[in-house]
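Q: Encoded as structure tokens, here's the structure I'll be asking about.
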Amino acid sequence: MAVPYHHREIEQKWRKHWEANPVNVQDGTKPKYYCLDMFPYPSGSGLHVGHWRGYVISDVWSRYKMMQGYYLIHPMGWDAFGLPAENYAIKMGVHPSKSTAENVANIKRQINEIAAIYDWDREVNTTDPEFYKWTQWIFVKMFKEGLAYEKQMPINWCPSCKTGLANEEVVDGQCERCGSDVTKKNLKQWMLRITKYADRLLEDLDKLEWPEKVKKMQTDWIGRSYGAEVNFKVDGKDESITVYTTRPDTLHGATFMVLAPEHAMAKELATPETEAAVEKYIYDASMKSNVDRLQDKEKTGVFTGSYAINPLNGAKLPIWLSDYVLADYGTGAIMCVPAHDDRDFEFAKKFDIPIIQVIAKDGKEIENMEEAYTEASGTMINSGDWNGMESSTLKAEAPAMIEKMGFGKKTVNYKLRDWVFSRQRYWGEPIPIVHCEKCGCVPVPEEELPLLLPDVESYQPTGTGESPLADITEWVNTTCPACGAPAKRETNTMPQWAGSSWYFLRYVDPKNPDALVDRKIADELLPVDMYIGGVEHAVLHLLYSRFYTKFLYDIGVVGFDEPFKKLFNQGMITGKNGIKMSKSKGNVVSPDDLVRDYGCDSLRMYELFVGPPELDSEWDERGIDGVYRFLNRFYNLVMSNKDLDVKETPELIKIRNKMIYDITQRLNQFSLNTVVSGFMEYNNKLIDMSKNGGVDKETLNAMVKLIAPFAPHIAEELWSQLGNEGSVFHVAWPEADESAMKDTEVEIAVQINGKTKVVTTIDAECSKDDAIAAGKAALGDKLTGTIVKEIYVPGRIVNIVVKP
RNA sequence: GCGGAUGUGGCGGAAUUGGCAGACGCGCCAGAUUUAGGUUCUGGUGGGAGACCGUGGGGGUUCAAGUCCCUUCAUCCGCACCA
């Protein structure tokens, strides 16, 4: 007789019970485990089944860690400042403070549907003045340490969002947020000196258990390279041009020089004959947008009419201008070795410039060179004193040699740029700086923080490069904290990344009025052990957080310099044909109906069952039936056996221990999809056992414990139905007795020449000879020809190799 | 262009790391229960009459290859003139 599984009743019952008796009791005597989700920004469109996945993964992992005996820290909060929230507010015509509060309430309600065990006592919101007080405090500290500074420069500007952007926020020349083409705008900006941390950010990646993909992305983003700066005298002038090169070994092969059109010396190098062409080229380059410049792969350039002298051999090198040289990398000028660089080769071919090979390929000089030889391996040729040296050795030694010879120096270069930190928008933390005519930039005194964001009616971005705050004269006009003279407040706000760069620290001490985090508590509960979220923040949030943490470590706020020990990137749940779920595509699947029809437990398990957690998975609505049926059968298995008082048998003991072992192992490997299929497999086995004498309570209890992190409601219900006291989440994770898992007999495949012919059963402990004999017997007259070799893989295969 | 990931039945995906390919589930087929439909239960389900053939394609190593090596194709992602 089937006992109906009423998921709605069961889930409501336990939801209510847990509200009164929280499962996650915080016990500081146990070792801590901090499992963190990337906190969401409170979007207006709510959660879809894709959002569920990350939260389910982290909740399963959290509950597992809790049952393993850890003091679990599993907080949640809101990344509520910034462009997405503000753009939404503008679209809806509501004040961002209002829409943000509404959206937080809505998403919190939706997140509660997942039944995750968040510590709501630790909840933070980046727009809360008690929170952003510390966001501002960090900025003041950085200012005092010289890490925050003002600079006038052309920055990335999004004409649609009407604000400056950090390099990290520009993707393919477009705004990361809205997709508009990014332009340049010359603005006075606050910058954070993240480049000072470049080496540490790069080298400490080794300490982290992060996906290699993310580490690689950060490595490439930081982009460290070793080389030399070399000075070239301009022929007939006193000045010289400094270039940066990673291949000083090829110095003899330089046949021309190229400067970026923005280079400070570009104009003055022009001769009367070339002046017009040079000025036109510089002007044209300045009119090209970022996007155009990225797309035009065909090399262009103009000869300045001037020459540089190769300091090594005195060769006269024509100086060109071309926009394939970037103004803001290295020195904005390069020496060109067409024989050994693809780009220089292309340029030299196009403008008919000589090509001199200085590294032998396969020991020879190449006749009719058709492409550059870019390997740093081979013997130096055509290189004066350097002839005969190995190029890889020379590449490493040349910077020091050049330095000794007095025309250059050893250098390191990075692609990483300082972080453009100010935004010309309303919805962010005000930058706590006062501009005084006499004292310059003066930070707001720490005891006056937070500097509140003024409540205004008009918060639309101006587009002029000024923040909307600039219009609020009564707020802007203030006195200098240093000298008391009339002064003006900084009106730019911080980017959306400011709060998210350190929020995970605040969770462990969320209400502390005197410190960002109490150092003692920080030492006990931080850093984050497991961080779960999407891969889209690889060079944004994850890089910024590491930078902030290192800074806070340096000033003694925390005692560790990496925030996230482990990182897990869950794959995306997509709609049909791998299309990203979005409102505009109309392919969003809402979890609400599924929870109503199948229950939270079914949806949680199905979110995991769809595929490996690290890969993208297409959502197929029909599949959830399978999980739902499984929970029904499992419920019936327990309900129909719980009062039978079945004695455990060797067979049951074996299944129970194998089940514990298998499930735990798969869980430890984070193979959550196969954990779910493992439950189904063992459920089927136990149903078979149930039909042949029943299943004992110990085994049922074990399975309930194992399934608890995945399907908490049904587990709690069955735990109590089995007559146990208290919550299943407060009992220890079961351990497998490996000695009880051994089979006495095993099935082996019997093969001839590697092809399976029959399957037979043998004693698990039997010797090689016995196994082969048993295999031959099982083959009978299928075995013909001359036996060449006999192979036995214990417990698996007997293979007889024969010749006809 | 450079780098990375992926490729297995009608579909989602397993495979103890070189040892019976297709676990588990969806779907489908047949049967049972039901007044009937749905639910539930039982059995079947890679292809082929067959010997055999089958893990994107081709080659190789091995007693044995989805797994290792070489080569090639397709899709997706990241970076993109960084000297």
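The values are calculated or read from the model by the stated rules, or taken from the named source; none is laboratory data. This one's a predicted model, so the numbers in the text were calculated from it and none came from an experiment. Using ideal geometry, Cβ is built from the backbone for each residue, glycine included, and neighbour counts are taken over all protein chains shown. These accessible areas exclude ligands, DNA and RNA; they are computed on the full protein's heavy atoms, side chains included. Shrake-Rupley method; radii C 1.70, N 1.55, O 1.52, S 1.80 Å.
Q: Here is a list of conditions, (1) surrounded by 20 or more Cβ atoms within 10 Å (Cβ to Cβ); (2) under 30 Å from A:CYS158 (Cα atoms), and A:ALA327 meets all of them except one; can you say which number that is?
A: Going through (1) surrounded by 20 or more Cβ atoms within 10 Å (Cβ to Cβ); (2) under 30 Å from A:CYS158 (Cα atoms) one by one, A:ALA327 breaks only (1).
Q: Take the residues in region A:165-177 that are in a loop (DSSP other than H, G, I, E, B) and either over 17 Å from A:MET494 (Cα atoms) or open to solvent by 10 Å² or more (accessible area, probe 1.4 Å) (or both), then tell me which one is farthest from RNA strand B (Cβ to nearest atom). Give the steps one after another, and end with the answer.
A: First pass over region A:165-177, keeping only residues in a loop (DSSP other than H, G, I, E, B): A:166, A:172-173, A:176-177.
Going one step further and asking which of them are either over 17 Å from A:MET494 (Cα atoms) or open to solvent by 10 Å² or more (accessible area, probe 1.4 Å) (or both), we end up with A:172-173, A:176-177.
Values: A:ASP172: 6, A:GLY173: 9, A:GLU176: 9, A:ARG177: 14 Å.
Of everything passing the filter in region A:165-177, A:ARG177 is farthest from RNA strand B (Cβ to nearest atom).
Q: Can you name the residue in region A:178-196 that is in contact with an Asp or Glu (Cβ under 9 Å, 6 or more places away or on another chain) and more than 14 Å from RNA strand B (Cβ to nearest atom) and, of all such residues, is most open to solvent (accessible area, probe 1.4 Å)? Walk me through how you get there before you give the answer.
A: Residues of region A:178-196 that are in contact with an Asp or Glu (Cβ under 9 Å, 6 or more places away or on another chain), as a first pass: A:182, A:188-196.
Still in the list and also more than 14 Å from RNA strand B (Cβ to nearest atom): A:188-194, A:196.
On the way: A:LYS188: 113, A:GLN189: 1, A:TRP190: 3, A:MET191: 7, A:LEU192: 0, A:ARG193: 81, A:ILE194: 0, A:LYS196: 136 Å².
Result: A:LYS196.
Q: Tell me yes or no: at least one residue of region A:376-395 is on the phi > 0 side of the Ramachandran plot, touching a residue at least 60 places away in the same chain (Cβ under 8 Å) and either part of a helix (DSSP H, G or I) or surrounded by 13 or more Cβ atoms within 10 Å (Cβ to Cβ) (or both).
A: Yes, that holds for at least one residue.
Q: Does A:GLU738 count as within 24 Å of A:LYS654 (Cβ to Cβ), open to solvent by 50 Å² or more (accessible area, probe 1.4 Å) and without any contact (Cβ under 8 Å) to a residue 40 or more places away in the chain? Step through it out loud before you land on a result.
A: Details: within 24 Å of A:LYS654 (Cβ to Cβ): yes; open to solvent by 50 Å² or more (accessible area, probe 1.4 Å): yes; without any contact (Cβ under 8 Å) to a residue 40 or more places away in the chain: no.
For A:GLU738, the condition - within 24 Å of A:LYS654 (Cβ to Cβ), open to solvent by 50 Å² or more (accessible area, probe 1.4 Å) and without any contact (Cβ under 8 Å) to a residue 40 or more places away in the chain - is not met.
Q: What number of residues within region A:383-409 are within 17 Å of A:MET335 (Cα to Cα), touching a Gly at 6+ places or on another chain (Cβ under 8 Å) and not hydroxyl-bearing (Ser, Thr, Tyr)?
A: The total comes to 2.
Q: Of (1) touching a residue at least 40 places away in the same chain (Cβ under 8 Å); (2) open to solvent by 50 Å² or more (accessible area, probe 1.4 Å), A:LYS520 satisfies all except one. Which?
A: Going through (1) touching a residue at least 40 places away in the same chain (Cβ under 8 Å); (2) open to solvent by 50 Å² or more (accessible area, probe 1.4 Å) one by one, A:LYS520 breaks only (1).
Q: Tell me, which residue of region A:137-164 that is assigned to a loop (DSSP other than H, G, I, E, B) and open to solvent by less than 40 Å² (accessible area, probe 1.4 Å) is nearest to A:GLU466 (Cα to Cα)?
A: A:CYS161
Q: In the list A:ILE241, A:ILE319, which residue meets the criterion of being in a strand (DSSP E or B), away from RNA strand B (no atom under 13 Å from the Cβ), at pLDDT 95 or above and open to solvent by less than 20 Å² (accessible area, probe 1.4 Å)? Write out each step before concluding.
A: On the way: A:ILE241 fails: away from RNA strand B (no atom under 13 Å from the Cβ).
That would be A:ILE319, the only listed residue that is in a strand (DSSP E or B), away from RNA strand B (no atom under 13 Å from the Cβ), at pLDDT 95 or above and open to solvent by less than 20 Å² (accessible area, probe 1.4 Å).
Q: Which members of region A:198-238 meet the condition of being within 13 Å of RNA strand B (Cβ to nearest atom) and within 30 Å of A:LEU269 (Cβ to Cβ)?
A: Once the filter is applied, which keeps residues that are within 13 Å of RNA strand B (Cβ to nearest atom) and within 30 Å of A:LEU269 (Cβ to Cβ), region A:198-238 yields A:GLY223, A:SER225, A:TYR226, A:GLY227, A:ALA228, A:GLU229, A:VAL230.
Q: Now for a separate question. Could you go through region A:700-714 and let me know if any residue there is part of a helix (DSSP H, G or I) and surrounded by fewer than 20 Cβ atoms within 10 Å (Cβ to Cβ). Steps first, please.
A: The first filter runs over region A:700-714 and keeps only residues part of a helix (DSSP H, G or I), leaving A:700-707, A:712-714.
Next, only the ones that are surrounded by fewer than 20 Cβ atoms within 10 Å (Cβ to Cβ) stay: none.
No, region A:700-714 contains no residue that is part of a helix (DSSP H, G or I) and surrounded by fewer than 20 Cβ atoms within 10 Å (Cβ to Cβ).
Q: Do we find that A:ASN799 is crowded, with 20+ Cβ neighbours inside 10 Å and either modelled with pLDDT under 85 or within 9 Å of RNA strand B (Cβ to nearest atom) (or both) in this structure?
A: yes
Q: Moving on to the next point. What tally of residues in region A:244-280 results from selecting those that are out of contact with any Ser or Thr (no Cβ under 8 Å at 6 or more places or on another chain), more than 11 Å from RNA strand B (Cβ to nearest atom) and assigned to a loop (DSSP other than H, G, I, E, B)?
A: Adding up the residues that qualify gives 7.
Q: For region A:774-792, which residues satisfy the criterion of being within 13 Å of RNA strand B (Cβ to nearest atom) and either open to solvent by 80 Å² or more (accessible area, probe 1.4 Å) or in contact (Cβ under 8 Å) with a residue 40 or more places away in the chain (or both)?
A: Result: A:LYS782, A:THR784, A:VAL788, A:LYS789.
Q: Taking the options A:ASP620, A:ASP643, name whichever one is open to solvent by 50 Å² or more (accessible area, probe 1.4 Å) and either more than 14 Å from RNA strand B (Cβ to nearest atom) or hydrophobic (A, V, I, L, M, F, W, C) (or both). Can you show your working first?
A: Working: A:ASP620 fails: either more than 14 Å from RNA strand B (Cβ to nearest atom) or hydrophobic (A, V, I, L, M, F, W, C) (or both).
One residue alone meets the criteria, A:ASP643.
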